[in-house]
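To keep things clear, I will list the structure first and then write my remarks on it.
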Amino acid sequence: MRKVPFADFQPLHNKIEEEIAQQFQEVYRSNWFINGKKVDEFEEAFAKYCNSKYCIGCGNGLEAIELILKGFDIGKNDEVIVCAHTFIASALAISKAGATPVLVDAKLDYYLMDVDKIEEKITDKTKAIVAVQLYGQACDMDKINTIAKKYNLKVIEDAAQSHGSLYNGAKVGSLADAAAFSFYPGKNLGALGDAGCVVTNDEHLAKKVREYANYGAIEKYHHNVKGMNSRLDEMQAAFLNVKLKYLDETNQFRRQVAEQYLQNINNKEIILPQVAPTNEHVWHIFAVRTQERELLQNYLAENGINTVIHYPIPIHQQLAYQEMSQESYPNAEEIANTVLSLPMYYGMNQEDIEYVINTINQYSSEKEKAKILHK
């Protein structure tokens with residue numbers, strides 16, 4: 001039986017192995033592992049890539065959002081709006097900053113925040129909107145920024161899944177007051193461990209974020225605020241410097257895989273994802289929907305195709321946020337109950353792409369039910 005992984009680092013890592021090894025040797029021999037020249041090089045390169053002035057490396061994507069909120073003095077007694085359909089880190093960062101996450105339902109077409117429902121959630125405690133650029137494409141940033149301007153709110157991009165994505169021709173990371181990125185290994189731009197960064201054009205915010213991330217100090221041993229330790233280490237920065245050079249190429253490959261899925265998957269039981277007309281998608285995740293997901297997932301697994309559910313339990317139904325348990329977000333719940341992510345990675349071979357397409361096209365939930373009944 002053919003085996004198709006959900007993701008595979010090997011094609012890219014084989015291609016860049018010598019460059020990665022060289023960077024490892026340079027850092028190893030320098031004996032300088034924190035806040036060195038590799039971090040400086042990456043921060044400069046990634047800020048330029050995002051068409052922004054400042055990039056501050058940090059420990060991970062969750063902490064990047066938290067650092068932005070603290071840099072804007074958003075915390076206790078404040079509310080921050082965020083989409084109900086997202087990875088829990090988007091909400092956890094708000095909670096860790098001391099503020100309260102306020103959820104807005106998603107739209108079924110793009111899986112992104114329903115911007116028409118934002119204003120009804122704004123109160124005198126609202127201080128910011130976190131626009132989650134989920135799965136590889138941007139929210140309706142023009143409407144979000146217009147609402148934010150009307151109510152004097154900050155806008156923060158949670159860009160953890162959309163490195164290199166475009167909105168009306170502008171890079172994700174340059175569409176708001178600040179953006180938070182994750183470089184978790186599975187991301188389109190992934191480190192070889194945990195890593196993240198904050199990108200902004202706001203000089204004051206950049207200084208505050210760097211201060212908070214370094215124990216609350218700009219000058220060593222002079223601690224101006226109760227900060228934290230959240231730094232991009234030298235080795236991960238060196239690896240990211242290599243991978244950044246290939247990001248546009250790997251994103252384009254993902255688009256080509258997605259285009260084949262979109263053009264050739266033809267099954268009435270499968271709802272394909274949509275791309276907003278303003279967007280150039282980078283397909284961190286290719287998520288379809290189906291009413292009988294378990295049947296489809298089991299069928300694909302039986303045929304050697306690995307899939308993942310992003311995300312099976314909405315934030316308001318998580319035990320960690322039991323205070324939200326009485327709230328209802330129908331679209332987020334519908335997505336959580338029906339979404340299934342197909343294999344998507346750089347270097348996926350053509351035979352595997354066609355095998356996934358053909359296997360899905362042959363799927364019938366009625367046949368799968370019949371198989372179960374006859375077991």
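The values are calculated or read from the model by the stated rules, or taken from the named source; none is laboratory data. Here the structure is a predicted model, which means the values were calculated and not measured. A quick note on method: Cβ atoms are made from the backbone with ideal geometry, for glycine too, and the neighbour counts reach across all protein chains shown. Heads up: the accessible areas ignore ligands, DNA and RNA and are worked out on the full protein's heavy atoms, side chains in. Shrake-Rupley method; radii C 1.70, N 1.55, O 1.52, S 1.80 Å.
A few remarks follow.
- Applying the Karplus relation 6.51 cos²θ - 1.76 cosθ + 1.60 with θ = phi - 60° to the stretch 231-247 yields 3J(HN,Hα) values of 10, 6, 7, 4, 5, 5, 4, 4, 5, 5, 4, 5, 5, 4, 4, 9, 4 Hz, where x marks Gly and Pro.
- The stretch 182-232 versus the stretch 143-178: alpha-carbon centroid distance in Å: 19 Å
- Surface composition of the chain: carbon plus sulfur atoms contribute 48% of the solvent-accessible area (1.4 Å probe, protein chains only, all chains present).
- For the stretch 37-46, backbone phi angles converted through the Karplus equation (6.51, -1.76, 1.60; θ = phi - 60°) give residue-by-residue couplings of 5, 5, 5, 4, 5, 5, 4, 5, 5, 6 Hz, Gly and Pro being listed as x.
- Dipole magnitude (debye, nearest 20) for the stretch 267-355, charges at Cβ of Lys, Arg, Asp, Glu: 80 debye
- Per-residue extension of 0.36 nm, minus the Cα-Cα distance of Val275 and Met1, leaves a gain of 95.3 nm for this segment.
- In this structure, the amide hydrogen of Cys58, modeled 1.01 Å from its nitrogen in the peptide plane, lies closer than 5 angstrom to those of Gly196, Cys197, Val198, Leu232, counting only residues at least 5 positions away or on a different chain.
- Charged-residue dipole, Cβ positions (Lys, Arg, Asp, Glu), the stretch 46-188 about Cα centre, Debye nearest 20: 400 debye
- Pairwise FRET efficiency - Glu249 versus Asn298, Cβ, R0 = 25 Å, nearest 0.05: 0.10
- Relative pair counts by distance (%), Cα atoms of the chain, 20 Å bins: 29, 56, 15, 0
- Where the stretch 249-375 is the region considered: accessible area per residue in Å², 1.4 Å probe: 48 Å²
- Selection from Gln322, Tyr151, Leu342, by position along the positive dipole direction of the chain (Cβ): Gln322
- The residues neighbouring Leu262, those whose beta-carbon lies less than 15 Å from its own, together hold a net charge of -1 under the Lys/Arg +1, Asp/Glu -1 convention.
- HN-Hα J in Hz across the stretch 4-13 - Karplus 6.51, -1.76, 1.60, θ = phi - 60°, x for Gly and Pro: 10, x, 5, 8, 8, 6, 4, x, 6, 5
- Listed residue (Gly304, Ile270, Ala238) projecting farthest to the positive dipole end of the chain, Cβ model: Ala238
- Looking at the chain alone, DSSP beta bridges between its own residues are antiparallel in about 55 percent of cases.
- Relative contact order (%) - the stretch 189-246, alpha-carbon pairs under 8 angstrom, separation at least six: 38 percent
- Packing rank of 116-127, 341-352, 77-88, where each peptide gets the mean count of other beta carbons within 10 Å, highest leading: 77-88, 341-352, 116-127
- Heavy-atom accessible area order for Arg289, Arg2, largest first, 1.4 Å probe: Arg2, Arg289
- Under 5 Å, built H, 5+ apart or other chain: amide partners of Val4: Ile305, Asn306
- Relative contact order (%) - the chain, alpha-carbon pairs under 8 angstrom, separation at least six: 22 percent
- Total formal charge among the other residues, if their Cβ is under 14 angstrom from that of Ser182, Lys/Arg +1 and Asp/Glu -1: -3
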